[in-house]
Every structure is written in C-alpha cells, then in structure tokens.
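Read the structure below first, then the notes.
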Amino acid sequence: MKQLLSAKNISHTFEYELFSNISLELNEGESIAIIGASGSGKSTLLHILSTLLTPKEGDVSLFGKDIKKLSQNQLSLIKRNQLGLIFQSHYLFKGFSAYENLEVAAMLSAQEIEEKLLDDLEIKKVIQQKVTELSGGQQQRISIARVLTKKPRIIFADEPTGNLDKTTAHKVINLLFEYIESHSAGMILVTHDEELAYMCQNVYRVENKELVKVK
C-alpha cells in the first residue's frame with residue numbers, strides 16, 4: 001500500500017499554541033476523520049496538511065516528496081492535479097453556471113466531466129443554472145463534483161456535508177469512499193458530525209494540543 005501523505009512533528013501557534021508534535025500518515029485507499037471541539041485546531045491542521053498553511057514546526061511530505069524542498073511550480077502542479085479541497089464555503093465562480101464551474105476544473109486537470117458523477121450527486125437537473133440560483137446544498141454538491149472531476153489522489157474535506165440533510169450527507173460520504181477505493185486515493189475529513197466521522201476507517205480527535213487516535 002502506497003503512502004500518499006506523511007506529517008511529522010507538526011506544531012502550530014497563533015497567539016497561543018494550538019497543537020504540538022502531531023504526526024499522521026495517509027495511505028492509498030484510506031479514509032481518515034479528524035474531530036474535536038470548535039477552536040481545537042482541526043481545520044488549521046487540515047490547512048497545513050493540504051499545504052494552504054505552513055506549520056510553525058514539523059514537516060509534510062506528499063507522494064514521498066518533502067514539500068519544503070519543492071519549487072513553487074512543482075508544488076502548484078501537485079496542488080492543481082493531485083489534491084482536491086472541499087470546503088463548507090464552496091468558492092464556486094459566482095458568475096458561471098454550475099456546469100461551467102465543472103468545465104474549469106476539467107480543463108485545468110485535463111479530465112472529462114462524467115455523467116455518472118452528476119447522477120450520483122443528483123445535480124443533473126440544475127447543472128445549467130447559475131451558481132447564485134442554487135440552494136446551499138446544491139452548491140455544496142457542485143463543489144464536490146468539481147473536486148472529483150479533477151481526479152485527485154488526496155481529498156481534503158472540511159465539513160463537506162455541512163449544508164446537506166442527513167440522507168444526502170450519507171450518500172455523499174459513501175460516494176467519496178467509493179472514489180478513493182476505485183482511484184487508489186485517500187481522504188482526510190474534518191467534521192463536527194461524529195456519526196459521519198466514524199464511517200471513516202480511522203478517526204482522530206484533536207484534544208489537549210495533541211492528536212489522539214480514537215478508532
């Protein structure tokens with residue numbers, strides 16, 4: 001089983017120490033959930049692992065490469081082609097239709113938009129509508145479709161089902177599990193929903209500035 005991500009001795013501080021000496025690994029086909037109280041640092045940790053934020057201390061490697069030793073161009077290519085980020089705030093292009101948002105992702109990653117994905121996420125009927133005409137839940141599913149269209153090797157998901165009802169949330173999380181299994185990918189999920197978290201293979205809790213494995 002191939003390792004996709006390795007984080008060693010990660011520490012981070014804002015006005016105070018958020019967490020320290022955290023280590024984590026993600027392998028192909030693996031799903032990891034990170035839970036914890038609000039303000040515990042779980043989203044910050046996700047931002048460090050996904051290279052959006054530089055840790056105060058420690059090292060992150062992606063696909064066997066220490067990100068500190070990569071050029072900006074090399075890191076940009078990895079982020080564009082191999083990392084998929086799903087946020088509760090969708091960051092969709094507001095002036096575009098839902099389909100045009102997917103087209104941008106497909107074009108940048110040289111992939112195609114799959115009809116099955118639109119069916120699985122139940123967004124086919126609204127795909128030609130402007131993003132601003134869609135509900136929060138529909139926008140959430142469009143943002144997930146945009147990420148999966150890229151065919152990333154690692155999915156980083158921060159409250160990806162926050163705008164969805166329970167039934168739809170379970171459908172979406174199962175779709176993400178199917179994706180990582182069929183594409184030899186991995187996923188790190190941050191969520192307040194412990195029921196959803198425990199559907200992942202491994203669960204960690206950020207508490208007392210540490211990352212503790214609870215499943």
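Among the numbered criteria (1) open to solvent by less than 30 Å² (accessible area, probe 1.4 Å); (2) among the polar types (S, T, N, Q); (3) without any contact (Cβ under 8 Å) to a residue 40 or more places away in the chain; (4) assigned to a loop (DSSP other than H, G, I, E, B), which single criterion is violated by Thr44?
Unmet for Thr44, out of (1) open to solvent by less than 30 Å² (accessible area, probe 1.4 Å); (2) among the polar types (S, T, N, Q); (3) without any contact (Cβ under 8 Å) to a residue 40 or more places away in the chain; (4) assigned to a loop (DSSP other than H, G, I, E, B): (4).
For Lys209, indicate whether it is open to solvent by 50 Å² or more (accessible area, probe 1.4 Å), among the basic types (Lys, Arg), over 15 Å from the mean Cα position of the chain (by Cα) and closer than 20 Å to Ala145 by Cα.
Details: open to solvent by 50 Å² or more (accessible area, probe 1.4 Å): yes; among the basic types (Lys, Arg): yes; over 15 Å from the mean Cα position of the chain (by Cα): yes; closer than 20 Å to Ala145 by Cα: no.
Considered against the rule, which asks whether it is open to solvent by 50 Å² or more (accessible area, probe 1.4 Å), among the basic types (Lys, Arg), over 15 Å from the mean Cα position of the chain (by Cα) and closer than 20 Å to Ala145 by Cα, Lys209 comes out as no.
Without any contact (Cβ under 8 Å) to a residue 12 or more places away in the chain, closer than 23 Å to Glu115 by Cα and open to solvent by 10 Å² or more (accessible area, probe 1.4 Å): which single residue out of Thr167, Thr161 fits that description?
Only one candidate passes the filter, namely Thr167.
Has region 18-41 got at least one residue that is open to solvent by 60 Å² or more (accessible area, probe 1.4 Å), out of contact with any Leu (no Cβ under 8 Å at 6 or more places or on another chain) and assigned to a helix (DSSP H, G or I)?
Within region 18-41, not a single residue is open to solvent by 60 Å² or more (accessible area, probe 1.4 Å), out of contact with any Leu (no Cβ under 8 Å at 6 or more places or on another chain) and assigned to a helix (DSSP H, G or I).
Would it be correct to say that Arg141 is touching a strand residue (DSSP E or B) at 6+ places or on another chain (Cβ under 9 Å) and assigned to a helix (DSSP H, G or I)?
Values: touching a strand residue (DSSP E or B) at 6+ places or on another chain (Cβ under 9 Å): no; assigned to a helix (DSSP H, G or I): yes.
In short, no.
Residues being farther than 16 Å from His170 by Cα and surrounded by fewer than 23 Cβ atoms within 10 Å (Cβ to Cβ): count how many of those fall in region 180-206.
Total satisfying the criteria: 7.
Can you name the residue in region 82-104 that is among the polar types (S, T, N, Q) and open to solvent by less than 60 Å² (accessible area, probe 1.4 Å) and, of all such residues, is nearest to Gly186 (Cα to Cα)?
Residues of region 82-104 that are among the polar types (S, T, N, Q), as a first pass: 82, 88-89, 97, 101.
Next, from what is left, pick out any that are open to solvent by less than 60 Å² (accessible area, probe 1.4 Å): 82, 97, 101.
Numbers: Gln82: 11, Ser97: 29, Asn101: 24 Å.
In this case the residue turns out to be Gln82.
The values are calculated or read from the model by the stated rules, or taken from the named source; none is laboratory data. Because the structure is a prediction, the values reported are computed rather than measured. FYI the Cβ positions are ideal-geometry reconstructions off the backbone, even for glycines, and counts take in every protein chain you see. Heads up: the accessible areas ignore ligands, DNA and RNA and are worked out on the full protein's heavy atoms, side chains in. Shrake-Rupley method; radii C 1.70, N 1.55, O 1.52, S 1.80 Å.
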